[in-house]
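J.: Quick one: structure below, then a few questions.
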Amino acid sequence: MNAGDRRDRAAGLLLGAALGDALGARFEGMSAVRAERLDEVETSGEELRYTDDTVLTLVLAEHLVEQEPGSGIRSQDLALGFARAWRAEPGRGWGGSIGNVFRAVLAGSEWSSAARSSFGGQGSYGNGAAMRVSPVALVAPTAPEAAALGQRSGEVTHAHPDGSHAAAVQACAVHLALSTTPGTAFDADRFLDGVASCCPDSRWISLLERTRATPRSSSPGEAAERLGNDVTAPGSVPLALFAFLRHPDSPREAVRFAIAAGGDTDTIGSMAGALAGARCGATALPPGPLRRLEGAARLRELGSLLASG
C-alpha cells in the first residue's frame, strides 16, 4: 500500500466511524429505521453532529499521535483525557455509568480503580470501549498487536472482560479491514477466522461464530434479532461486524444496514463505518453527508498523522 492509499484508508477509518455515529444518532433507541428516514437525514442540509462515540475516538487518536512510536498507551493520561472531554462536552449523549468512572478519575482515582467502580465492582460490559478503539489499528504493526492494544485501551474504562474483549475484537477487525484490498473479492469467512485468531476469549469466539452463522441475506431486523442491537458489547459488536460483512465494498450501505437494525444506532453505525471506511478509504464515503460532518477536517488530519507515524 502506497503512502497516499494508506492516508486515504486512515482517513476513511476515522471519518467512517464519525459519519456512522452522526447519522445513527438521529435514530438511537428506535426498534427499526426505515430507508426513507435514512434518506431524509442523508440529504438534509443540516450539520451532522457526532456524539460521545466520536469525542472519545478523537481523544484516543490524539493520545496515540502524542506517543513515541511503539510506546503504546499511557493509561492514566488516557483516562484523564477521556474524563476531561466528558467534562468539557456534557451534551454529547454520554451513557450514565461512564460518568461515575470519569468523576472518580477527575477526583484523583487511579484509572483501574475507577474502571472497577461500576456495576458492583465488575466494571462496565458496555460497548463504549469498542466504539472508540479504531485508531489503534493505525499504529499497531499486526492484527494481534492491534487486539492487544485495543484491549489495553478498553480496560482504561471497561474493567469487565466483555467490555475490554470487545475492544480487542473491534481493533483486530479494523486492522484486518485495513489489510484487505478494496475492489477485490472479500472472503468473509477468512476475515472472521482472522478476527477469531486475535481473540483469547472463548465467549467472543462463540459470538464470532454466531455472526458467521447468520445468513448473509438477512435483513437488518433479522440480523438484529440473531445478534442483538443494544448497548452491551456482546449485543452490538457482532451486528456491526455483520453489517460490514454484508456490504464490505460500500461504507454507505454498511452504515445504513447497521442503523436500519435499530437499537444503539449511533454506536453500531460508528463501528460498521470504521470497518468499511478502513477497507474502502475516505474517497468511497458518501460525499454529501461527509461535507456536512462536524469535525471532518480534524478527523482527516489525525488519520494522516497516524498513517505516517
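J.: State which residue is farthest from V101 (Cα to Cα) when the search covers only segment 73-90 and only residues that are in contact (Cβ under 8 Å) with a residue 12 or more places away in the chain and open to solvent by 20 Å² or more (accessible area, probe 1.4 Å).
T.: E89
J.: Evaluate the following for G128: is it in contact (Cβ under 8 Å) with a residue 60 or more places away in the chain, of a type outside the set (A, V, I, L, M, F, W, C), surrounded by 24 or more Cβ atoms within 10 Å (Cβ to Cβ) and under 25 Å from L19 (Cα atoms)?
T.: In short, yes.
J.: Does V156 qualify as being at pLDDT 95 or above and under 23 Å from L239 (Cα atoms)?
T.: In short, no.
J.: Which pairs turn up if I take residues in segment 21-36 that are over 19 Å from G128 (Cα atoms) and aromatic (F, W, Y) and look for partners that are open to solvent by 60 Å² or more (accessible area, probe 1.4 Å) and modelled with pLDDT under 95 with beta carbon separation below 7 Å, at least 6 apart in sequence or on another chain?
T.: none
J.: State all residues of segment 43-95 that are under 21 Å from R291 (Cβ atoms), out of contact with any Phe, Trp or Tyr (no Cβ under 9 Å at 6 or more places or on another chain) and among the β-branched types (V, I, T); if no residue qualifies, say none.
T.: T43, T54
J.: Now a separate question. Is it the case that L285 is surrounded by 18 or more Cβ atoms within 10 Å (Cβ to Cβ), in contact (Cβ under 8 Å) with a residue 24 or more places away in the chain and either touching a strand residue (DSSP E or B) at 6+ places or on another chain (Cβ under 8 Å) or closer than 23 Å to A166 by Cβ (or both)?
T.: Numbers: surrounded by 18 or more Cβ atoms within 10 Å (Cβ to Cβ): yes; in contact (Cβ under 8 Å) with a residue 24 or more places away in the chain: yes; either touching a strand residue (DSSP E or B) at 6+ places or on another chain (Cβ under 8 Å) or closer than 23 Å to A166 by Cβ (or both): no.
Against the criterion (surrounded by 18 or more Cβ atoms within 10 Å (Cβ to Cβ), in contact (Cβ under 8 Å) with a residue 24 or more places away in the chain and either touching a strand residue (DSSP E or B) at 6+ places or on another chain (Cβ under 8 Å) or closer than 23 Å to A166 by Cβ (or both)), L285 does not qualify.
J.: Just a yes or no: is a residue in segment 25-35 acidic (D, E) and open to solvent by less than 80 Å² (accessible area, probe 1.4 Å)?
T.: No: zero hits.
J.: Here is a further query. Which residues, counting only those in segment 4-24, are crowded, with 19+ Cβ neighbours inside 10 Å and among the basic types (K, R)?
T.: Answer for segment 4-24, where residues must be crowded, with 19+ Cβ neighbours inside 10 Å and among the basic types (K, R): R7, R9.
J.: Check whether at least one residue in segment 255-277 is under 27 Å from S31 (Cα atoms), without any contact (Cβ under 8 Å) to a residue 40 or more places away in the chain, of a type in the set (A, V, I, L, M, F, W, C) and surrounded by 20 or more Cβ atoms within 10 Å (Cβ to Cβ), and report yes or no.
T.: The answer is yes; a qualifying residue exists.
J.: Looking at this structure, is S113 surrounded by fewer than 23 Cβ atoms within 10 Å (Cβ to Cβ), touching a strand residue (DSSP E or B) at 6+ places or on another chain (Cβ under 9 Å), of a type outside the set (F, W, Y) and free of Cβ contacts under 8 Å to residues at least 60 places away in the same chain?
T.: no
J.: Which one of these is in contact with a Lys or Arg (Cβ under 9 Å, 6 or more places away or on another chain), within 24 Å of G303 (Cβ to Cβ) and among the acidic types (D, E): E89, E42, E68?
T.: E42
J.: Can you say whether A130 is part of a helix (DSSP H, G or I), modelled with pLDDT of 95 or more and touching a His at 6+ places or on another chain (Cβ under 8 Å), as far as the supplied structure shows? Step through it out loud before you land on a result.
T.: Numbers: part of a helix (DSSP H, G or I): yes; modelled with pLDDT of 95 or more: yes; touching a His at 6+ places or on another chain (Cβ under 8 Å): no.
Spelling it out, it is not the case that A130 is part of a helix (DSSP H, G or I), modelled with pLDDT of 95 or more and touching a His at 6+ places or on another chain (Cβ under 8 Å).
J.: Here is a follow-up. Which pairs do you get when a residue that is under 22 Å from Y50 (Cα atoms) and β-branched (V, I, T), found in segment 94-107, comes within reach of a residue that is at pLDDT 90 or above and open to solvent by 40 Å² or more (accessible area, probe 1.4 Å), reach meaning Cβ atoms under 8 angstrom, with the pair 6+ apart or on two chains?
T.: So the pair list comes out as I98/W86.
J.: Another question, then. Residue check: is A274 closer than 21 Å to T214 by Cβ, modelled with pLDDT of 95 or more and within 12 Å of the chain's Cα centre (by Cα)?
T.: Criteria met by A274.
J.: So, one more: All but one of (1) closer than 20 Å to A272 by Cβ; (2) in a loop (DSSP other than H, G, I, E, B); (3) of a type outside the set (D, E) hold for G45; state the number of the condition that does not hold.
T.: Against the list (1) closer than 20 Å to A272 by Cβ; (2) in a loop (DSSP other than H, G, I, E, B); (3) of a type outside the set (D, E), G45 comes up short only on (1).
J.: Return yes when T51 is β-branched (V, I, T), under 30 Å from L106 (Cα atoms) and crowded, with 23+ Cβ neighbours inside 10 Å and no when it is not.
T.: no
The values are calculated or read from the model by the stated rules, or taken from the named source; none is laboratory data. Nothing here was measured: the structure is a model prediction, and the numbers come from that model. Using ideal geometry, Cβ is built from the backbone for each residue, glycine included, and neighbour counts are taken over all protein chains shown. Each accessible area value is taken on the protein alone, full model and side chains, heavy atoms only, with ligands, DNA and RNA left out. Shrake-Rupley method; radii C 1.70, N 1.55, O 1.52, S 1.80 Å.
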